[in-house]
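Engineer: Dumping the structure here so I can ask a few things about it.
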Ligand SMILES: *Cc1c(COP(=O)(O)O)cnc(C)c1O
Ligand code: SF4
């Protein structure tokens, strides 16, 4: 995929002045992203774990870059427990040899993205909602990501490349919500975001702009006053869907960022993926949901894992997920229980998984 960070103009080559940072201010999110850990050996050393804790033979692709390299910001690493090789946050980001095992039914495009493409960078599967694959870049590489094999290099890069997608949205007045996804749309700097928002906001039938992002979780410094101003200046209603899988992700800096979104009036929801050895327990999910609702972030979806190549070792049986959701229903207020869903290619929405 095309997420080689050094090639991203947002991340590389930013001087202090360009990033609008004055001496003495906290490190800008761009600088934090540039300083993210990319080497498994460095990550293990940082966590006081022996280098042979895991084998990490990343498959090189043409050009010598690993196919889906490790990437994790220090703000996220700081929430991991040193010395714990089973840390639930570490497990989400550390490449393992198991990823390279071919497993039947685990494929490159498990959710039918390629069949849903209506213009470059534009996926439309569900009524009323269109999804822009805004960028291939993320602030973190989650090993279970269903788009880890997505052909981002075919997608728009410059603003002018977006015109066909914007035209398709403008021509279809059934589209009332535009979802910016990726990759992670908040990897774009404020200038590019403002430009993209401006084009979408100018389409009269668009009522909401939804941002699917993991940055407020893994790189909370991204939630700046400037970003909030930009979002609150939109004609359309902004909606945030963030992505945290474990309560340990909701550390103080993350909590502050989420509180700022919520207190500025932006509805903020969380989606999680059910992951073996990470959050496949009622205690862990209860803790996550309580931490979220206690700052006004509503649990939205708990996703059954999409069967993407390299993620088989994270799979939890659906029956186990159903049992966990039932248990959450006994422990939590109704609004705190996420919907357990699976994305099935060709369906008209996410498919609810429920105990009959
Ligand atoms: C998941 C998804 C959506 C959003 O679905 P909701 O149920 O509204 O959250 C929209 N478009 C695509 C292509 C999706 O994969
Ligand atoms: S942040 Fe989202 S899109 Fe990026 S690697 Fe993680 S799950 Fe995938």
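Read-outs: derived from the displayed coordinates by stated rules, not from any lab. All values derive from a computational prediction rather than experimental measurement. Because the Cβ atoms are built from the backbone with ideal geometry, glycine has one as well, and the counts that use them run over all protein chains shown.
Engineer: Can you check how the C-alpha radius of gyration of segment 114-352 compares to 2.2 N^0.38 Å, as a plain ratio? Please report the intermediate quantities before stating the final value.
Structural biologist: Details: Rg = 17.5 Å, N = 239, 2.2 N^0.38 = 17.6 Å.
Compactness ratio reported: 0.99.
Engineer: With equal scatterers on the alpha carbons only and no solvent term, can you work out the Debye log10 of I(q)/I(0) for segment 230-356 at 0.12, 0.16, 0.19 1/Å?
Structural biologist: -0.48, -0.82, -1.08
Engineer: For the residue pair residue 52 and residue 31, what label-to-label distance in nm results when each label sits 7 Å from Cα along the Cα-to-beta-carbon direction?
Structural biologist: Simple spin-label model gives 4.0 nm for this pair.
Engineer: Quick one: check the C-alpha center-to-center distance for segment 294-347 versus segment 145-210, whole angstrom.
Structural biologist: Centre-to-centre distance over Cα atoms comes out at 27 Å.
Engineer: First check a/c for segment 272-337, with a ≥ b ≥ c the square roots of the eigenvalues of its C-alpha gyration tensor; if it is under 1.5, answer rounded, and if not, answer prolate when a/b is larger than b/c or oblate otherwise.
Structural biologist: Numbers: a/c = 2.31, a/b = 1.74, b/c = 1.33.
Prolate, because a/c is 1.5 or more and a/b exceeds b/c.
Engineer: Just from its helices, what would the mean residue ellipticity at 222 nm be for the chain, if runs of 4 or more DSSP H residues each count -39500 (n - 2.57) and the sum is divided by every residue, rounded to the nearest 500 deg cm²/dmol?
Structural biologist: -7000 deg cm²/dmol
Engineer: Using a 7 Å offset from Cα along Cα-Cβ at residue 326, what residues in segment 333-356 end up with backbone N under 11 Å from the label point?
Structural biologist: Residues 355-356 qualify, since their backbone N sits under 11 Å from the label point.
Engineer: Considering only DSSP beta bridges whose two residues both sit in the chain, what percent are antiparallel, to the nearest 5?
Structural biologist: On the way: 8 of 35 bridges.
In the chain, approximately 25 percent of DSSP beta bridges are antiparallel ones.
Engineer: Also, quick follow-up: Estimate the FRET efficiency between residue 237 and residue 287 by the formula 1/(1 + (r/R0)^6), using the beta-carbon distance for r and 30 Å for R0, to the nearest 0.05.
Structural biologist: Once the sixth-power term is evaluated, E becomes 0.50.
Engineer: For segment 140-233, what does the alpha-carbon gyration tensor say about shape, rounded, prolate or oblate, given a ≥ b ≥ c as the root eigenvalues, a/c under 1.5 as rounded, and a/b over b/c as prolate?
Structural biologist: Oblate.
Engineer: Over the chain, what is the relative contact order in percent, taking alpha-carbon pairs closer than 8 angstrom and at least six residues apart?
Structural biologist: 16
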